[in-house]
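The values are calculated or read from the model by the stated rules, or taken from the named source; none is laboratory data. Note that the coordinates shown come from a computational prediction; the quantities given were computed from them, not determined experimentally. Cβ placement follows ideal geometry from the backbone for every residue including glycine, while neighbour counts extend to all protein chains displayed.
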Amino acid sequence: MNVRTQRRIFKPLVFLISLSPFFWLAYAIFSDTTMGTQYLTTDPVQKLDRELGDWTLIFIILSLAVRPAADLLKRNEFINYRRMIGLFALFYAVLHVTSYQVFHLKLDVVAFFKDIAERPFITVGMIAFIALIPLGITSTKGMIRRLGKKWRKLHMLVYPIAILGVVHFYMMIRADFSRPYIYGAIILLLLGYRVWKNRQRNRPRPAAAAAA
């Protein structure tokens, strides 16, 4: 199967899989509202916020894991899906912030900015969200061409964004810190791989190999 055929098959599949959390949450809201179920527990507003934030972090981590997976499995075609996965991280981040604004604050803009200023975990989360926006904007092929090497440097921001996301998650909860610890460990492992890979790439070649 050639690369073009793989893209035609797997890109729509990756897109649908990435949308599946959204479909599930939309169904849960509909079911809880119309049929009296409790898929979103007895505190649906908080549950929805946390689910959307969780999926934002998961997609950020998946986008970071694409390159190591491609290297280790020797499947460079995986890189074709990294941009889509990264954009889904932004998609769920937008839904996360929107959910907070609409369901928690009832679109009270003054309360929103007050929370950003006075509640540290929201401050950290908003810094991560704002930093994520330019990465989404510059993910088009045209912007990649225009920015050249600057694009790669800009998109290295995804690592501090991921760390800020974990800190936001950690500060938000009061019990069971297992998930932020797990997410943080995975992010540090992926960052360590990236640093090691860059050092391997920039290491001077032996004189004999260079002469050959």
Checklist entry - Residues in region 21-40: is at least one in a helix (DSSP H, G or I), of a type outside the set (S, T, N, Q), within 13 Å of Phe88 (Cβ to Cβ) and in contact (Cβ under 8 Å) with a residue 24 or more places away in the chain? => result yes
Next on the checklist: Tell me yes or no: at least one residue of region 142-161 is over 17 Å from Arg83 (Cα atoms), touching a Leu at 6+ places or on another chain (Cβ under 8 Å) and modelled with pLDDT of 95 or more.
Outcome noted: no
